[in-house]
Amino acid sequence: MNRRFRFPIYLKISSAIFLVILVVVSGMSYVALKRTAHEYKQQVKETGSLIAGMIADYSIEPVIMDNYSSLRPVLTDILASNEDIVLIEVLDEEGVPRVDAVWQGNDRTKESPDDLIGKVVEVTSPIIAYSRTWGHVRVVCSLNRFHEAIASARLSILGIAVVSCGLGLLMASVLSKAILTPIRNLVDHARLLSEGDLDTPINVPSSDEIGFLAITLEGMRVGLRQFLSSVARRAMSFEGDLHLFGFPAVLSLTRTGRRTGGLVLEKSGEVGVVYFQDGEVVDAAFQDKSGKNALYEFFKWREGVFKFSPSLAPTRTTINTDWPELILEGARQVNDIAIFKHVIHSPDLVPLSSRWNDRIGGLLDPNDTLEHLLDDEEKEILSYVDGIRSIREISRLKDKDVYEIYPHIYRLVAVGLVQVDEYESSQGLGKDLDLDGDRQAGHAIDSGKIIQFPMHRVGDVGR
Amino acid sequence: MNGSRHLKRILKISRICLILLILASCLGQHVTGTNQRSLVVRTALMEPEAMVYARAFENRTGIKVEVVRQSTGVMLSFLKFERDNAFDTTIDVLFGGPADAYVIGAREGLFEKYMSPERANIARDHMDSDGYWSGVYLGSIGFAVNPKRLRALGLSTPTCWKDLLSPELRGEISMANPVSSGTGYTILATLAQMMGKDQAIEYLLALDSNILDYTRSGAMPGKLVGLGQIAVGILFSHDVLAFRQQGYDIDLVFPKEGTGFEIGGIAIVKGTKKLDEAKRFVDFMLSAEGQNLYAAMGEFRLPTNRLAAIPLGAVPFSKINVIEYDVTWAAVHKDDLLEEWISATGAAGGE
């Protein structure tokens, strides 16, 4: 089985749901986090501004008096009481930092200004007194705690997303399995149907559309079964068109079924009967003829219909000839190219010898006693049948017109020593049934033509 | 397998790094905690001036000095706070500010006793006989007046304490808050000693309506006068002269009724781990060399060391009506006086 691997559909649905959840959850959290970040920054900024304002008020006198150092203890106290502040700086009116307090964990000298971008919020408050700006207070607030909070929030969201995705995946796979298991059952049943199994009831317990489909399919199975039964019954009751089957084939089939009864033949209002006793021809009647003479008449029919009737039991025995001899003799009565053509559709067909075809061996006497019934010409032609040469090629070998070969081939076919058929006509059957076991048939298929006498198809139906 | 071995190696290396880091940080703390710390001087002097003395001392001795400016009242409160909470002191020397605070500090046992050899040149009245503090400078209370502003207001220069009660000076006067500032308290104690406690409080209550602002530091009113924000400031005369020296349009007036003065103190904080360095700083500031800096740097403080030069332009006590200001009385009555002043004016103080 070199089938390409395919994702089960429930996995596809689950993945789609997974993606949708992921996109929705991450999108929502992104928006929420963004908003929170903005608000937090704003709040830090406001707090920073408030503190800077307070310090600015307090700093008026020391700044005016140049007593910056007196601010240091105060700044240090403020810094120590607020973890978010990393730096408080008081600058003079020229913007020169005069006193600062730096949070111990944050050494300004170790971080370049670029490193601090995004990590801190900076606010400045002017020190205004007596209608003059004396300096500025600069407060730098760290966003570290915020970043930590955001990181933990991200982690939580990721966790929630993973859990919800997992749950979604689980639910999706459970749901899809619930939906798809009946569908798969149906598909299995349909496959069985396609493989010809009409006996397994389609029983998919479901009350929804799938159940409805199952019921419909079951109806189809029952219908098919009935139809095929009727076909089989028709085959069993054995009736049909001579044009399709050919008289020798009809006789062979009747014999194979070891039937007892009458094979009624009808053509343009003329009716004849061939009587069988346990599959052997024992009597025949047509017009005023009876026995072999009546039987041979039927060989000459180009068309007509037949029907086997078990109720027409033979009442006498007028024919007591062995089966192959009877058939061969009957076939020799035919000299109608139209009848030949029913069996041999084209001179390019390759005849196949039944001597190495096990399948039809059962039809004939297994002992190779048939050949003594053949005349020299028939024997010679049979000797040319090798599964490779076409009828046309055989005629060339015999240096005869191809139509002169037809009667011989027809006889050989009728008696079951040779088969001819078109490749196309048995292609499906050949591929499915014969490939494995029948090397010869396989060879024949490879050569492009042939296979079986039409009766096999009829016989197959009943199998 | 290879990956886990790699991981183990990384863990091992990072563990070693961590240990090294911890060791380094301990070592760093130890170093800064002992040898590298500067001598910490808290001063009531204005920072730029105090820095000059500190740098001069550094140049002379090589001892690093960290100057932190604070008002006298705040310095004392901080020392008490440290002592009451049994903290190791973070201050080594208290420098400047009226001596009544030093008297209180000595009584509270906040200072280290130190009989500096330089005390030989300092008058007995200007230092603690037990050696807990010594006087480094003298300064009298005066008025800083802005003649331009007075002219604009159509007022004449106030010449006595009474003049300050004039309703025309409403919102035109500023003085330091007696609670936080040594200057402020010197004014309060001067008036109490001149007028008697009750009259002084009464006077200050009357003055309160003319006061624009009680400043935290003693010299601030002088700056406000200099900036033309107010007409009159009450502060030490040497600060007034210093502002004048800086170019501010200020006149110095001494009240006719008489005025008080301060003895600027210096003391070593008890429990200092820099006792030797602190002693050397005290010696320096008591020495003629140290106090000569007043004149050299254009300050107008009067030196306590009789060998030191009196700055040009400074007003010696002999030329003004200076009362017999009793530092000890001022120290003893500080709490009562402040309480009464607060309850009378409704003002609060402190930094």
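The values are calculated or read from the model by the stated rules, or taken from the named source; none is laboratory data. Model, not experiment: these values are computed from the prediction. Every residue, glycine among them, receives a Cβ derived from its backbone with ideal geometry; neighbour counts consider all protein chains shown. The accessibility values were calculated without ligands, DNA or RNA, using every heavy atom of the protein model including side chains. Shrake-Rupley method; radii C 1.70, N 1.55, O 1.52, S 1.80 Å.
May I ask you to say which residue of B:Asp100, B:Asp88, B:Asp92 is open to solvent by less than 30 Å² (accessible area, probe 1.4 Å), in the same structural domain as B:Asp130 (by TED's automatic domain parsing), among the acidic types (Asp, Glu) and out of contact with any Leu (no Cβ under 9 Å at 6 or more places or on another chain)?
Numbers: B:Asp88 fails: open to solvent by less than 30 Å² (accessible area, probe 1.4 Å); B:Asp92 fails: out of contact with any Leu (no Cβ under 9 Å at 6 or more places or on another chain).
Testing whether each residue is open to solvent by less than 30 Å² (accessible area, probe 1.4 Å), in the same structural domain as B:Asp130 (by TED's automatic domain parsing), among the acidic types (Asp, Glu) and out of contact with any Leu (no Cβ under 9 Å at 6 or more places or on another chain) leaves just B:Asp100.
Given the condition in contact with a Lys or Arg (Cβ under 7 Å, 6 or more places away or on another chain), touching a residue at least 24 places away in the same chain (Cβ under 8 Å) and farther than 21 Å from A:Lys41 by Cα, answer yes or no: does some residue in region A:151-167 qualify? Break it down stepwise before answering.
Here is the first cut: in region A:151-167, the residues in contact with a Lys or Arg (Cβ under 7 Å, 6 or more places away or on another chain) are none.
Scanning region A:151-167, I find no residue that is in contact with a Lys or Arg (Cβ under 7 Å, 6 or more places away or on another chain), touching a residue at least 24 places away in the same chain (Cβ under 8 Å) and farther than 21 Å from A:Lys41 by Cα, so the answer is no.
Here is a list: A:Val231, A:Val222. Which entry is within 22 Å of A:Pro310 (Cα to Cα) and outside any loop (DSSP other than H, G, I, E, B)? Outline the logic, then answer.
Working: A:Val222 fails: within 22 Å of A:Pro310 (Cα to Cα).
A:Val231 is the lone residue from the list that is within 22 Å of A:Pro310 (Cα to Cα) and outside any loop (DSSP other than H, G, I, E, B).
Residues that are outside the structural domain of B:Gly171 (by TED's automatic domain parsing): which strands (runs of 3 or more DSSP E) entirely in region B:204-313 hold 2 or more of them?
Values: elements: B:211-215, B:232-236, B:251-253, B:261-269.
Per the criteria, B:261-269.
Can you name the residue in region B:251-271 that is open to solvent by 10 Å² or more (accessible area, probe 1.4 Å), of a type outside the set (A, V, I, L, M) and touching a Ser or Thr at 6+ places or on another chain (Cβ under 6 Å) and is also nearest to B:Ala308 (Cα to Cα) among such residues? Break it down stepwise before answering.
Going through region B:251-271, the residues open to solvent by 10 Å² or more (accessible area, probe 1.4 Å) turn out to be B:251-254, B:256-257, B:261, B:270-271.
Filter once more, keeping what is of a type outside the set (A, V, I, L, M): B:251, B:254, B:256-257, B:261, B:270-271.
Then keep just the ones that are touching a Ser or Thr at 6+ places or on another chain (Cβ under 6 Å); that gives B:256, B:261, B:271.
Values: B:Lys256: 29, B:Phe261: 19, B:Gly271: 31 Å.
Filtering first and then ranking leaves B:Phe261.
Please pick out the residue among B:Ile230, B:Ile211 that is within 14 Å of chain A (Cβ to nearest Cβ) and over 21 Å from B:Thr72 (Cα atoms). Break it down stepwise before answering.
Numbers: B:Ile211 fails: within 14 Å of chain A (Cβ to nearest Cβ).
Step by step, each of B:Ile230, B:Ile211 is checked, and only B:Ile230 is within 14 Å of chain A (Cβ to nearest Cβ) and over 21 Å from B:Thr72 (Cα atoms).
Could you please find all residues in region B:48-66 being among the small types (Gly, Ala, Ser) and within 11 Å of chain A (Cβ to nearest Cβ)? It would help to see each step written out before you state the result.
From region B:48-66, those among the small types (Gly, Ala, Ser) are B:50, B:54, B:56, B:62; that's our starting set.
Once the filter is applied, which keeps residues that are among the small types (Gly, Ala, Ser) and within 11 Å of chain A (Cβ to nearest Cβ), region B:48-66 yields B:Ala50, B:Ala54.
Out of the residues in region B:165-203 that are in contact (Cβ under 8 Å) with a residue 60 or more places away in the chain and part of a loop (DSSP other than H, G, I, E, B), state the one that is nearest to B:Phe236 (Cα to Cα).
B:Ser181
From the list A:Ile78, A:Ile64, which one is open to solvent by 40 Å² or more (accessible area, probe 1.4 Å) and within 14 Å of chain B (Cβ to nearest Cβ)?
Numbers: A:Ile64 fails: open to solvent by 40 Å² or more (accessible area, probe 1.4 Å).
Only one candidate qualifies: A:Ile78.
Name every residue in region B:65-85 that is open to solvent by 30 Å² or more (accessible area, probe 1.4 Å), more than 23 Å from B:Gly218 (Cα to Cα) and in contact (Cβ under 8 Å) with a residue 24 or more places away in the chain, in order of residue number.
If the condition is that a residue be open to solvent by 30 Å² or more (accessible area, probe 1.4 Å), more than 23 Å from B:Gly218 (Cα to Cα) and in contact (Cβ under 8 Å) with a residue 24 or more places away in the chain, then B:Arg83 is the only one that fits.
Scan region A:186-211 for residues that are within 15 Å of A:Gly223 (Cα to Cα) and not in a helix (DSSP H, G or I) and jot them down.
Selection gives A:Gly196, A:Asp197, A:Leu198, A:Asp199, A:Thr200, A:Pro201, A:Ile202.
Identify, by number, the condition in (1) more than 12 Å from chain A (Cβ to nearest Cβ); (2) of a type outside the set (A, V, I, L, M, F, W, C); (3) within 24 Å of the chain's Cα centre (by Cα); (4) in a helix (DSSP H, G or I) that B:Lys162 doesn't meet.
(3)
Select the strands (runs of 3 or more DSSP E) contained entirely in region A:247-339, then report the ones holding at least 2 residues which are of a type in the set (Gly, Ala, Ser). If you could, list the steps in order and put the result at the bottom.
Details: elements: A:261-267, A:270-277, A:280-286, A:305-309.
Those strands (runs of 3 or more DSSP E) span A:261-267, A:280-286.
Could you list, ordered by first residue, the pairs with Cβ atoms under 6 Å in which the first is in region A:341-362 and among the charged types (D, E, K, R) and the second is at pLDDT 85 or above, at least 6 apart or interchain?
Matching pairs, first to second residue: A:Asp348/A:Ser390; A:Asp348/A:Arg392.
When residues of region B:48-64 are filtered for being open to solvent by 50 Å² or more (accessible area, probe 1.4 Å) and either under 14 Å from the mean Cα position of the chain (by Cα) or not assigned by TED's automatic domain parsing to the domain that holds B:Ala288 (or both), how many remain? Step through it out loud before you land on a result.
Here is the first cut: in region B:48-64, the residues open to solvent by 50 Å² or more (accessible area, probe 1.4 Å) are B:48, B:51, B:55, B:59-60, B:62, B:64.
After this cut, where a residue has to be either under 14 Å from the mean Cα position of the chain (by Cα) or not assigned by TED's automatic domain parsing to the domain that holds B:Ala288 (or both) as well, the list is B:48, B:51.
Count: 2.
Can you tell me which residue among A:Gly257, A:Gly261, A:Gly246, A:Gly272 is touching a residue at least 12 places away in the same chain (Cβ under 8 Å), open to solvent by less than 50 Å² (accessible area, probe 1.4 Å) and over 23 Å from A:Val343 (Cα atoms)?
Of the residues listed, the single one that is touching a residue at least 12 places away in the same chain (Cβ under 8 Å), open to solvent by less than 50 Å² (accessible area, probe 1.4 Å) and over 23 Å from A:Val343 (Cα atoms) is A:Gly261.
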